[in-house]
Amino acid sequence: MAALESEETTRTTEGARDVPARAPSRRALIGWGGAGLALGAVAAGGTAAALNTGDAPAPAAESAVPFHGAHQAGIATAVQDRLHFAAFDVTTDDRQALIDLLKEWTAAAARMTAGRPVGDGAVGGLAEAPPDDTGEALGLQPSRLTLTFGIGPTLFEKDGKDRFGIKDRRPEALIDLPKFPGDNLEKARSGGDLCVQACADDPQVAVHAIRNLARIGFGKVAVRWSQLGFGKTSSTTPDAHTPRNMFGFKDGTRNIAGTDTAALDKHVWVGKKDDKGAGAWMAGGSYLVARRIRMHIETWDRTSLQEQEDVFGRSKGEGAPAGRKREFDAPHLKAMLPTAHVRLAHPDSNGGIRILRRGYSFTDGTDGLGRLDAGLFFLAYQRDVRDGFVPLQKNLARHDALNEYIQHVGSAVFAVPPGVRDTDDWWGRTLFA
């Protein structure tokens, strides 16, 4: 499993400024733009306690994460409980139409993260027109919603075509991931021109956000694939309880902390001098690798406790490294088997490589053979994929004992631009400017 035992983060404002979001203008009755079919599903979650329409005051500020700042929220932010991740294909060939969509997405994202409805809301505006907001988040708190936007390699070039005049601006670090040993990737769960990661403490708030962005984008983008996640598998606050993955083991004990600005600058944020030329627009951003990792639950559940602990290199109860007593005791790598996951994922076994993880567990019914379709939706941010995920995953794919119980079935990589500075800024501006 790609660095199940990697680094961890903590709460940070990421240099954000709490600037009020500007409401997008009401669409005219004729030519509604994105007001077509509603896309996405409604997840089980909170119910509306009271209607909150138009520009009504946002709910309690303590549950809102600032949208504007030097870096996008949802990277070094304290990990929320729920995830809805969506990858999109861009269906328009019009560069200006794409730019207009990104501006509209940004305005909608700023409002939703503040707990406000999109545009005139679900019950405001013209009764003869479809509402601007789908309405399932009416009355709900912001629930620490963050929306993080990324750009895939195929937006720059696809089938040899420079789609939007940005081919020459593709960063060198935005590589096509190599095929790793053991990969069994499904095309329908991989790739994407754009992505949006929605994290929140209420699943309905996260699903509402993706649904409304997909709705706004109707006719310009289409959902390629999406993934719901629960039970964060990487705590981003070192002083908080370490979560457990679907195998029952504590995960992400050595993740990068969101308050560790030195580590973030070294391992997560793209520097101004990185990838000169084409990638200069990425300064302050990061690179995201998303992997859908299927866990063979039934096989694991028939494995002895001793073997499970040997596979991970940690005790299942306390989470202590092999030969130690407490979870955060410094690991003695040689006390573990050479194939132990912790040993192989540790920075000391990988030339000091560190990545920031924000993974989630998932269960998507069964596989048709009576087995749970469950596992880890792995999300990792890093300064350069070539120096982060790729060498780390090569090491794990070749030697990790955990490979007997898992398989990577989905994969994507995205460039995540710097944060939206203020109400005049928008997702992707540095690329298209």
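The values are calculated or read from the model by the stated rules, or taken from the named source; none is laboratory data. Everything quoted here is computed from the prediction, not taken from an experiment. FYI the Cβ positions are ideal-geometry reconstructions off the backbone, even for glycines, and counts take in every protein chain you see. Surface accessibility is based on the protein's heavy atoms, side chains included, excluding ligands, DNA and RNA. Shrake-Rupley method; radii C 1.70, N 1.55, O 1.52, S 1.80 Å.
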For this session: Please sort 403-411, 257-265, 172-180, 190-198 by packing, taking for each peptide the average over its residues of neighbouring beta carbons within 10 angstrom, highest first.
Result: 190-198, 403-411, 257-265, 172-180
Exercise. For region 161-178, in order, what is each residue's ³J(HN,Hα) by Karplus, 6.51 cos²θ - 1.76 cosθ + 1.60 with θ = phi - 60°, in whole Hz (x at glycine and Pro)?
Worked result: 9, 7, 5, 10, x, 10, 3, 6, 9, 5, x, 4, 6, 7, 8, 7, 4, x
For this session: Counting only C-alpha contacts under 8 Å and six or more residues apart, can you give the relative contact order of region 324-399 as a whole percent?
Result: 27
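Give the residue list of GluC sites (Glu not before Pro) in region 58-147 that are DSSP loop and have at most 14 other beta-carbon atoms within 10 angstrom.
Glu128
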Problem set entry | region 95-107 - phi-based ³J(HN,Hα) in whole Hz, Karplus 6.51/-1.76/1.60, Gly and Pro as x | 4, 5, 5, 5, 4, 4, 5, 4, 5, 5, 4, 4, 4
Exercise. What figure in square angstrom, to the nearest 10, would you give for the accessible area of Thr339 with a 1.4 Å probe?
Worked result: 60
Exercise. Lys316: which lysines have alpha carbons under 20 Å from its alpha carbon, excluding same-chain residues fewer than 8 sequence positions away?
Worked result: Lys232, Lys250, Lys325, Lys334
For this session: For Lys158, enumerate residues with amide H under 5 Å from its amide H, sequence gap 5+ or separate chain, H modeled in the peptide plane.
Result: Arg163
Exercise. What residues have an amide H closer than 5 Å to that of Ile406, excluding those fewer than 5 places away on the same chain, when H is modeled at 1.01 Å from N in the peptide plane?
Worked result: His296
Problem set entry | Neighbour net charge for Met295 - beta-carbon separation under 14 angstrom, K R +1, D E -1 | -2
Exercise. For region 252-330 and region 373-433, what is the separation of their Cα centres, given in Å?
Worked result: 12
Problem set entry | Added length on full extension, which subtracts the Cα-Cα distance from 0.36 nm per residue, Asp301 to Glu157 | 47.4 nm
Problem set entry | Cut-off under 5 Å, modelled amide H: who pairs with Ser286 long-range | Val270, Val416
Exercise. Whole-Hz Karplus ³J(HN,Hα) for region 356-364, in order, using 6.51 cos²θ - 1.76 cosθ + 1.60 and θ = phi - 60°, x for Gly and Pro?
Worked result: 9, 9, 9, x, 9, 6, 8, 9, 10
